[in-house]
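The values are calculated or read from the model by the stated rules, or taken from the named source; none is laboratory data. Remember, predicted model here, so these are calculated numbers, not experimental data. Neighbour counts run over all protein chains shown; Cβ positions are idealised from the backbone, glycine included. The accessibility values were calculated without ligands, DNA or RNA, using every heavy atom of the protein model including side chains. Shrake-Rupley method; radii C 1.70, N 1.55, O 1.52, S 1.80 Å.
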Amino acid sequence: MKRLIPLLIWLAAATIYAPAHAQKAEVAPDVSVSRKTYPVPANEAPFFNFAEKTEGQKAADQKLVAAVLERVPDRSRAAGTAIDAGMRAFLGENDIATAAKRFNQAYLLDPQQSGIYHGFAMVAEARFKDFAYADELYRVAARMKSPSASLRADHGRMLLFAGRPGEAKPLLEQAVKDTPDWAVPRMNLAWATLQTGNRDEACRLAAQVKGTQMENVERDLALLRQKAGC
């Protein structure tokens with residue numbers, strides 16, 4: 001899912017929820033993630049905030065899944081529909097709480113789908129500024145079924161904003177290959193290159209920024225050229 005959010009918006013500082021040595025929890029067969037919880041309603045956090053569900057809540061989950069599968073009998077397709085709805089809420093409406101609810105619904109349907117972990121990573125990053133957890137979830141997403149073409153672009157962007165340009169750079173280089181007609185990863189790659197100390201290469205890459213959403217990176221491009229002396 002291609003972002004509509006300019007780079008600089010993501011640079012605002014906020015509290016980071018990143019407790020050390022979080023316990024692991026299995027979220028799908030042979031897939032475990034850190035058990036991170038946040039001070040929000042359970043369905044607005046990744047994996048329902050790892051809350052212990054009552055029998056009533058479990059019954060409600062089963063009823064929801066049954067209702068969805070009546071309309072879309074294939075679990076993978078049904079999960080994909082929920083993931084798409086979550087991405088629209090996140091990117092199109094800036095409604096992160098609703099996005100998390102949709103990703104949790106997808107998780108109930110098919111926890112093997114990459115988009116669930118991709119979406120939860122975006123939620124951890126944007127709402128909770130938990131870059132360490134977002135990094136973990138992006139890495140899990142890369143191993144799951146049907147990863148999005150924008151996965152490396154989003155993961156690299158997050159690492160760039162987390163102050164880890166050296167780790168972001170190879171992901172963004174691959175993102176440019178994955179989505180060559182998208183201006184955002186090209187812009188972020190130029191930033192990562194500048195932040196790793198190569199001004200000449202950053203200027204060369206800045207000159208190659210082009211494609212869809214070019215209008216969203218024009219200010220960032222001007223700022224990079226100013227800082228790099230292009």
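Per-structure values
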quantity: Links that overshoot a 27 Å alpha carbon limit, given the list K36/K177; K24/K145; K145/K177; K63/K129; K101/K129; K58/K129; calculated: K36/K177; K63/K129; K58/K129
quantity: Trypsin sites (Lys or Arg not before Pro) within region 52-112: DSSP coil, no more than 14 neighbouring Cβ in 10 Å; calculated: K53
quantity: Cα gyration tensor shape for region 120-230, rounded if a/c is under 1.5, else prolate or oblate; calculated: prolate
quantity: Whether region 48-93 is rounded, prolate or oblate, judged on the alpha carbon gyration tensor where a/c under 1.5 counts as rounded; calculated: oblate
quantity: Span from the region 151-216 Cα centroid across to the region 82-118 one, whole angstrom; calculated: 25
quantity: Electrostatic dipole magnitude of the chain [Cβ: Lys, Arg +1; Asp, Glu -1; Cα centre; debye, to 20]; calculated: 280
quantity: Environment charge of G80, counting only residues whose C-beta is closer than 15 Å and scoring Lys/Arg +1, Asp/Glu -1; calculated: +3
quantity: Extension gain from D95 to R199, taking 0.36 nm per residue of separation minus the Cα-Cα distance; calculated: 33.7 nm
quantity: Between helix 96-109 and the chain: long-axis angle, C-alpha atoms, 0 to 90°, nearest 10; calculated: 50
quantity: Relative contact order %, region 75-230, counting alpha carbon pairs below 8 Å whose residues are six or more apart; calculated: 14
quantity: Choice from T196, T54, T98 showing the highest fluctuation, given a GNM over the chain with Cα pairs closer than 10 Å; calculated: T54
quantity: Heavy-atom accessible surface of the chain: percent carbon and sulfur, 1.4 Å; calculated: 51
quantity: Region 17-83: GluC sites (Glu not before Pro) falling in loop per DSSP and having at most 14 other Cβ within 10 Å; calculated: E52
quantity: Computed over the chain, Kirkwood Rh from alpha-carbon pairs, angstrom; calculated: 18.3
quantity: Leading residue at positive end of dipole, the chain (Cβ point charges), from T98, A190, Q62; calculated: A190
quantity: Cα gyration tensor, region 105-152 - rounded (a/c under 1.5), prolate or oblate; calculated: oblate
quantity: Under 5 Å, built H, 5+ apart or other chain: amide partners of W182; calculated: T212
quantity: Long-range amide H partners of T37 with built H, under 5 Å; calculated: none
quantity: Residue of R219, R35, R152 that the Gaussian network model of the chain assigns the largest fluctuation, springs spanning Cα pairs under 10 Å; calculated: R219
quantity: Residues with amide H under 5 Å from that of V27, placed H, sequence gap 5 or more; calculated: S32, V33
quantity: Theoretical ellipticity at 222 nm over the chain - DSSP helices of four or more residues, -39500 (n - 2.57) apiece, nearest 500; calculated: -17000 deg cm²/dmol
